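Engineer: Please read through the structure below; I'll follow up with questions.
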Amino acid sequence: MNDPRAALVLFSGGQDSTACLAWALDRFARVETVGFDYGQRHRIELDCRVAVCEQLRAGFPPWRDKLGDDHRLDLSLLGQISDTALTDARAIEIGASGLPNTFVPGRNLLFFTFAAALAYRRGLSVLVGGMCETDYSGYPDCRDNTLKALQVALSLGMATPMTIETPLMWLDKAQTWALAESLGGEALTELIIEHTHTCYLGERSQRHAWGYGCGQCPACELRARGYDAWRANEAS
Ligand code: ZN
């Protein structure tokens, strides 16, 4: 399958966006990546981005020539409009999406809008994101309808077709592992285990069957459960 269009993948260095990147590399003629630096409490995801791209280039020759520039946008200004815990007595809590409760509502609307402006300049017409209703249905800016509406707004506002693709929208975590395996075999699932990061606590000293992380936080639990379910499905 080869789509002549060029895509920009919203790439955080986590499991989901790595699966999305592989999906895009399998499908589109050219792929670039963008990451947002918004003062994440743990910088480790941003470091993982670089390692994942290097590993994809090294291990997947058909994808090497398609994988183009990586862009990193400084969105530290988001701190100015978030309800910052520095000035608020509330404790920082991590919501189900992996974002602190101090974060900007509608974050993905902003991310996609910045990505679209970058894509326009780079001649890319598809935006790919790892949003998922199955796990994060509580987050209105991850919903399929929200992103369909945004796709229309971006296409009208830029007077050019701008497609938003969310290949994980209706998949659970076990199905995301299965998708990765179907795209890149065991080499890709091993890459995801070794080099992606999802733990909320930024913990990478413990290696589990499903990868590195504290093993306790909601992100680790979700990843571990999905991995176990995928392995169980494979065995049956
Ligand atoms: Zn964790």
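The values are calculated or read from the model by the stated rules, or taken from the named source; none is laboratory data. Keep in mind that what you see is a predicted model, and the values were worked out from it rather than measured. Every residue, glycine among them, receives a Cβ derived from its backbone with ideal geometry; neighbour counts consider all protein chains shown. Just so you know, the surface numbers come from the protein's heavy atoms only, side chains and all, with ligands and any DNA or RNA stripped out. Shrake-Rupley method; radii C 1.70, N 1.55, O 1.52, S 1.80 Å.
Engineer: As a test of reading the structure, rank TYR120, TYR139 by solvent-accessible area (1.4 Å probe, protein chains only), most first.
Structural biologist: Values: TYR120 130, TYR139 70 Å².
Per-residue accessible area, sorted high to low, gives TYR120, TYR139.
Engineer: Also: Could you report the chain's accessible area per residue, 1.4 Å probe, as an integer in Å²?
Structural biologist: Result: 46 Å² of accessible area for each residue.
Engineer: Moving on to the next point. Dipole of region 3-235, Cα-centred, from +1 at each Lys and Arg C-beta and -1 at each Asp and Glu C-beta, to the nearest 20 debye?
Structural biologist: Rounded to the nearest 20 debye, it is 400 debye.
Engineer: Now, a different point. Which one of GLY35, GLY202, GLY157 has the biggest mean-square fluctuation once the chain is modelled by GNM with Cα springs under 10 Å?
Structural biologist: In this elastic network of the chain, the residue with the biggest mean-square fluctuation among GLY35, GLY202, GLY157 is GLY157.
Engineer: Sorted from largest down, give the three principal axis spans of the alpha carbons of region 110-225, whole angstrom values.
Structural biologist: 48, 31, 24
Engineer: Run the simple label-point estimate for ASP228 and ALA187 please: 7 Å along Cα→C-beta, distance reported in nm.
Structural biologist: Those two pseudo-labels are separated by 3.1 nm.
Engineer: A further question follows. Any idea how far apart THR113 and ASP37 come out in nm if each label point goes 7 Å out from Cα toward Cβ?
Structural biologist: So the label points at THR113 and ASP37 sit 2.3 nm apart.
Engineer: Hey, quick one: spin label on ASP70, modelled 7 Å out along Cα-Cβ, who in region 190-207 has an amide N within reach, i.e. under 19 Å?
Structural biologist: Inside the label zone: 190-199, 202-204.
Engineer: Can you pull the accessible area of GLU186 for me, 1.4 Å probe, Å² to the nearest 10?
Structural biologist: About 120 Å², ignoring ligands and nucleic acids.
Engineer: Using only the heavy atoms of the protein chains and a 1.4 Å probe, how would ILE164, ILE44, ILE81 rank by accessible area, largest first?
Structural biologist: Listed by decreasing accessible area, they come as ILE81, ILE44, ILE164.
Engineer: Just read off the accessible area of TYR212 with the full protein assembly in place, 1.4 Å probe, to the nearest 10 Å².
Structural biologist: The value for TYR212 is about 50 Å².
Engineer: To the nearest 10 Å², what's SER182's accessible area with a 1.4 Å probe?
Structural biologist: Accessible area of SER182: about 90 Å².
Engineer: Could I ask something else about it? So in the chain, what percent of DSSP beta bridges are antiparallel if you round to the nearest 5? List each step's numbers first, then the result.
Structural biologist: On the way: 3 of 21 bridges.
Taking every DSSP beta bridge within the chain, about 15 percent pair in antiparallel fashion.
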